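A.B. asks: My questions all concern the structure below.
The values are calculated or read from the model by the stated rules, or taken from the named source; none is laboratory data. Computed from a predicted model, the values in this text were never measured in an experiment. Cβ: placed from backbone, ideal geometry, glycine included. Neighbour counts: every protein chain shown.
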Amino acid sequence: MKDFKDVCVTDGYQVCHTIEGEREDLRIAGCWSHARRRFDEAAKALPKQKQKDSCAYLVLTMIQAIYRKEKQLKDLPAGERRNRRQLSVKPLVEAYFTWVRENLPKVPQKSKCLRLEGSNFILGGIAPITRACWVGDWEPC
């Protein structure tokens with residue numbers, strides 16, 4: 001990362017955020033794959049007949065909607081992609097974080113949604129993971 005400039009997509013590794021704070025030419029963006037991982041594990045831990053009624057499944061469908069919109073924007077020039085993200089992706093991202101803020105406190109402490117990265121990654125990643133809404137030449141992971 002020493003010579004890298006622009007937006008760097010990471011898994012939430014704290015060192016990257018420290019380096020970002022020391023440099024004006026580097027911005028860290030969060031990875032949606034890492035944000036969705038614990039919800040995917042939580043849904044799969046449930047009996048199959050209960051998965052689609054779970055909060056974890058709801059979150060997965062929210063993230064899937066973001067991926068679907070991103071796929072539609074993939075081939076657009078950076079400027080147009082950024083403008084369209086503002087209109088179509090940003091509201092989905094904001095709805096996701098609103099839901100998480102309201103519902104994560106209700107999740108049992110032993111839940112797979114909270115293990116390892118846990119709520120610190122999910123909520124702590126708000127700024128990095130939403131950065132894509134303001135950039136046009138970034139591809140989500």
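A.B. asks: For Ala42, indicate whether it is in contact with a helix residue (DSSP H, G or I) (Cβ under 8 Å, 6 or more places away or on another chain) and either surrounded by fewer than 18 Cβ atoms within 10 Å (Cβ to Cβ) or within 22 Å of Lys106 (Cβ to Cβ) (or both).
C.D. replies: Numbers: in contact with a helix residue (DSSP H, G or I) (Cβ under 8 Å, 6 or more places away or on another chain): yes; either surrounded by fewer than 18 Cβ atoms within 10 Å (Cβ to Cβ) or within 22 Å of Lys106 (Cβ to Cβ) (or both): yes.
Here the answer is yes, as Ala42 does meet what is asked.
A.B. asks: Please indicate, with yes or no, whether at least one residue in region 19-35 is of a type in the set (Ser, Thr, Tyr) and buried (at least 16 other Cβ atoms within 10 Å of the Cβ).
C.D. replies: Initial filter on region 19-35 (of a type in the set (Ser, Thr, Tyr)): 33.
Those still in the list that are buried (at least 16 other Cβ atoms within 10 Å of the Cβ) too: none.
Taking every residue of region 19-35 in turn, none turns out to be of a type in the set (Ser, Thr, Tyr) and buried (at least 16 other Cβ atoms within 10 Å of the Cβ).
A.B. asks: OK, next. Looking at region 1-38, which of the residues that are within 29 Å of Val107 (Cα to Cα), assigned to a loop (DSSP other than H, G, I, E, B) and not acidic (Asp, Glu) is modelled with the highest pLDDT?
C.D. replies: Start the filter on region 1-38 by keeping residues that are within 29 Å of Val107 (Cα to Cα), which leaves 9-17, 28-38.
When the remaining residues are screened for being assigned to a loop (DSSP other than H, G, I, E, B), the result is 11-13, 31.
Applying the additional criterion that residues be not acidic (Asp, Glu) yields 12-13, 31.
Values: Gly12: 65, Tyr13: 67, Cys31: 74.
Restricting to residues being within 29 Å of Val107 (Cα to Cα), assigned to a loop (DSSP other than H, G, I, E, B) and not acidic (Asp, Glu), the top hit is Cys31.
A.B. asks: Another question, then. Tell me, which residue of region 39-86 that is outside any helix (DSSP H, G or I) and not acidic (Asp, Glu) is farthest from the chain's Cα centre (by Cα)? Outline the logic, then answer.
C.D. replies: First pass over region 39-86, keeping only residues outside any helix (DSSP H, G or I): 46-47, 52-54, 74-77.
From the residues that got through so far, the ones that are not acidic (Asp, Glu) too are 46-47, 52, 54, 74, 76-77.
Working: Leu46: 23, Pro47: 26, Lys52: 21, Ser54: 19, Lys74: 17, Leu76: 21, Pro77: 22 Å.
So the residue we want is Pro47.
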